Amino acid sequence: MDGQNDLERLMIFEHARMNAEAEYLKNPTDADNLTRWGGALLELSQFGDINESKKMLKDAVSKLDEALTINPAKHEALWCLGNAHTANAFLNSDQDEAKVHFDLAIECFQKAVDECPGNEHYLQSLASCAKAPELHKEIHKHGGLGQAQQTLGGGPAASSSAKGSVKNKTSDLTYDVFGWIILAVGLVAWVGMAKSNVPPSPPS
């Protein structure tokens, strides 16, 4: 069932990416479209291996930076960019390099909050990002995100042994990370697609 859901999500966001790419050819200065494109790439970065994820994230950052060049106050793009930096940090095993990404993420989330005060998602992302370096350290102590992904997706993680409890802890941490990123990116991308794919109103 999960595999089916993943496939559906992959197709939805690949479709969104293609639409945004086509729209960009018509109007390269549409910050909304660039934000949707970056959001779709951010979602797609969750599929495939770590190298593919890093490439997708790099593309996402590029599109979101472009959107912010056009409209520096676009809080949706700032928030998406914060999530891209957070994802990049978690994919990076070097703590110093990860810290650079976390700092950039906090800066983006803070700007998003400044532009749209009171937005619960932005405030939650800002608060979560402050705790993220500790989560990063814990994940990489247990073998990194790749190992955590295997533990999470590699069959039943529950076990009565001590080793099983360590795996469970890693799974919980990974679930927190991916759940957070999926929630954040998914919301932006779904809202963006809903706006861009509104069906025409029926003739009266």
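The values are calculated or read from the model by the stated rules, or taken from the named source; none is laboratory data. Note that this is a predicted model, so its numbers are computed, not measured. Note that we place each Cβ from the backbone using ideal geometry, even for glycine, and neighbour counts take in every protein chain shown.
Look at Glu115 and say whether it is among the charged types (D, E, K, R) and modelled with pLDDT under 90. The answer is no for Glu115. Pairing residues of the range 111-129 that are at positive phi with residues that are surrounded by 15 or more Cβ atoms within 10 Å (Cβ to Cβ), at Cβ distances under 6 Å and at least 6 apart in sequence or on separate chains, gives no pairs at all. Taking the condition among the small types (Gly, Ala, Ser), closer than 27 Å to Ala98 by Cα and part of a helix (DSSP H, G or I), does Gly38 pass? Judged against the criteria, Gly38 is a match. Looking across the range 37-46, the residues that are over 12 Å from Leu78 (Cα atoms) and either touching a Pro at 6+ places or on another chain (Cβ under 8 Å) or not aliphatic (A, V, I, L, M) (or both) come down to Trp37, Glu43, Ser45, Gln46. Tell me, please, whether a residue that is under 22 Å from Ile139 (Cβ atoms), within 15 Å of the chain's Cα centre (by Cα), not in a helix (DSSP H, G or I) and not hydroxyl-bearing (Ser, Thr, Tyr) can be found in the range 80-102. Yes - at least one qualifying residue is present in the range 80-102.
Here Thr29, Thr86, Thr35 are screened, and the one residue that is loosely packed, with under 14 Cβ neighbours inside 10 Å, touching a residue at least 40 places away in the same chain (Cβ under 8 Å) and of a type outside the set (D, E, K, R) is Thr29.
All conditions but one from (1) farther than 24 Å from Glu115 by Cα; (2) outside any helix (DSSP H, G or I); (3) of a type outside the set (Phe, Trp, Tyr) apply to Glu52; the one that does not is (2). Inspect the range 43-61 for any residue being over 27 Å from Glu21 (Cα atoms), surrounded by fewer than 20 Cβ atoms within 10 Å (Cβ to Cβ) and of a type outside the set (S, T, N, Q) and give the result as yes or no. Within the range 43-61, none of the residues are over 27 Å from Glu21 (Cα atoms), surrounded by fewer than 20 Cβ atoms within 10 Å (Cβ to Cβ) and of a type outside the set (S, T, N, Q). Checking each residue in the range 64-79 for being in a helix (DSSP H, G or I) and touching a residue at least 40 places away in the same chain (Cβ under 8 Å) picks out Ile70, His75, Glu76, Ala77, Trp79.
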